[in-house]
Amino acid sequence: MNADATARPLESFALGDWRVERWAALSSTSDRARALAVAGDSGRIWIVADEQFSGRGRQGRAWASPPGNFYASALLIDPCEAEVAPQLGFVAGVAVRRATADLGVEARLKWPNDLVFNGAKLAGLLVEGVKPPGRRLATMVGVGVNVVSSPEGLAYPTTCLSQCMGAPRTARALLERMVRRFDEALVIWGRGAGFAKIREMWLASAAGLGGPIRVSNAHGVREGAFAGLDARGRLLLDRNGVLETIESADITLIPTNPGASQAAASSPSQ
């Protein structure tokens, strides 16, 4: 089945001054947002799907998208200068952490773009951009949250909101809170002028801050302490007193408690 063959969304409505399109199924909410941007849409729209057939995460990894979970992308037109657009990942991270907290789950942010609860992956984020000829920068901020189920058989633990709370949660309840919290975070961020505050908020909920981590990227695998983020949001790895700046990598949190096997699992973005 080609999910995007569906000609119309199930419903269109407003939340605050955001428009929302809800689809039964799409290949990817970010692909729909990108198509709108290329067609000249004015932005400030959330694309939500009950199910995705080709969801993706960082580095092109597949994102399992069965019905019942939260799959959404916010389209922003001209949100900032292109060089600071990656900061939107931190803006969205702060927003989704606060939105899930509104539902009773106090999760932690795992660099660069995950949300974890007791070491298990709960959500992932992906920021993409496109600049059609003659048009302004458009960004698609994709958010995937495990609400009622989480993928099994992965190399790292996963969880969902309903499991964390021991009670059912719905994607619609999360959407309402996510839209509001994202708006709040965008105002604080102020097109990049307020990134220092967003960075502070992100670090206040960071998983593994100050503790041992393992970094895996094109430069190899090494261990050290998670020393924080620099002014641009890059991870700082303390290796025996020498700080290394990490632009992109998969991060494993290493437990200080030998019995805490869950927290040790790496959770690269899906």
- [ ] Return the only residue of Val147, Val116, Val105, Val143 being under 30 Å from Asp78 (Cβ atoms) and modelled with pLDDT of 95 or more.
- [x] Val143
- [ ] From the list Ser149, Ser162, pick out the single residue that is without any contact (Cβ under 8 Å) to a residue 60 or more places away in the chain and either hydrophobic (A, V, I, L, M, F, W, C) or closer than 19 Å to Tyr71 by Cβ (or both).
- [x] Ser162
- [ ] Please give the number of the condition Ile251 fails out of (1) assigned to a loop (DSSP other than H, G, I, E, B); (2) surrounded by 21 or more Cβ atoms within 10 Å (Cβ to Cβ); (3) not assigned by TED's automatic domain parsing to the domain that holds Leu76.
- [x] (1)
TODO: Working carefully through the options Gly55, Gly89, Gly93, Gly60, find the one that is outside the structural domain of Gly233 (by TED's automatic domain parsing), in contact with a strand residue (DSSP E or B) (Cβ under 8 Å, 6 or more places away or on another chain) and at pLDDT below 95.
DONE: Gly55
TODO: Would you tally the residues in segment 104-137 being of a type in the set (Gly, Ala, Ser) and surrounded by 24 or more Cβ atoms within 10 Å (Cβ to Cβ)?
DONE: 3
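For residues that are under 29 Å from Trp23 (Cβ atoms) and aliphatic (A, V, I, L, M), scanning just segment 172-204, find the one that is surrounded by the fewest Cβ atoms within 10 Å (Cβ to Cβ). Don't jump to the end; show me each part of the working.
Of the residues in segment 172-204, the ones under 29 Å from Trp23 (Cβ atoms) are 172-187, 189.
Now narrow it down to the ones that are aliphatic (A, V, I, L, M): 173-175, 178-179, 185-187.
On the way: Ala173: 16, Leu174: 23, Leu175: 20, Met178: 26, Val179: 22, Ala185: 25, Leu186: 22, Val187: 9.
Looking at residues that are under 29 Å from Trp23 (Cβ atoms) and aliphatic (A, V, I, L, M), I get Val187.
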- [ ] Answer with yes or no whether Gly228 is more than 28 Å from Pro67 (Cα to Cα) and either assigned to a loop (DSSP other than H, G, I, E, B) or touching a Lys or Arg at 6+ places or on another chain (Cβ under 7 Å) (or both).
- [x] no
Task: Residue that is surrounded by the most Cβ atoms within 10 Å (Cβ to Cβ), among those in segment 71-103 that are assigned to a strand (DSSP E or B), within 15 Å of the chain's Cα centre (by Cα) and aliphatic (A, V, I, L, M) - done: Ala74
Task: Any chance Ala92 is touching a Pro at 6+ places or on another chain (Cβ under 8 Å) and touching a residue at least 12 places away in the same chain (Cβ under 8 Å) - done: no
TODO: Test Val187 against the stated conditions and say whether it is in a strand (DSSP E or B) and either more than 25 Å from Asp41 (Cα to Cα) or in the same structural domain as Asp31 (by TED's automatic domain parsing) (or both).
DONE: no
Open item on the list: part of a strand (DSSP E or B) and touching a Ser or Thr at 6+ places or on another chain (Cβ under 9 Å): which single residue out of Glu128, Glu152, Glu106 fits that description?
Closed with: Glu128
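Each row is one residue, and each column tells you yes or no for (1) closer than 30 Å to Pro79 by Cα; (2) in a helix (DSSP H, G or I); (3) out of contact with any Pro (no Cβ under 9 Å at 6 or more places or on another chain); (4) at pLDDT 95 or above.
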| residue | (1), (2), (3), (4) |
| --- | --- |
| Ala173 | yes, yes, yes, yes |
| Val179 | yes, yes, yes, yes |
| Leu209 | yes, no, yes, yes |
| Glu223 | no, no, no, yes |
| Leu236 | yes, no, yes, yes |
Task: Single condition Val147 does not satisfy, out of (1) farther than 22 Å from Trp18 by Cα; (2) surrounded by fewer than 16 Cβ atoms within 10 Å (Cβ to Cβ) - done: (2)
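The values are calculated or read from the model by the stated rules, or taken from the named source; none is laboratory data. A quick note: this is a predicted structure, and the numbers were derived from the prediction, not measured. All Cβ positions, glycine included, derive from the backbone under ideal geometry; neighbour counts span all protein chains shown.
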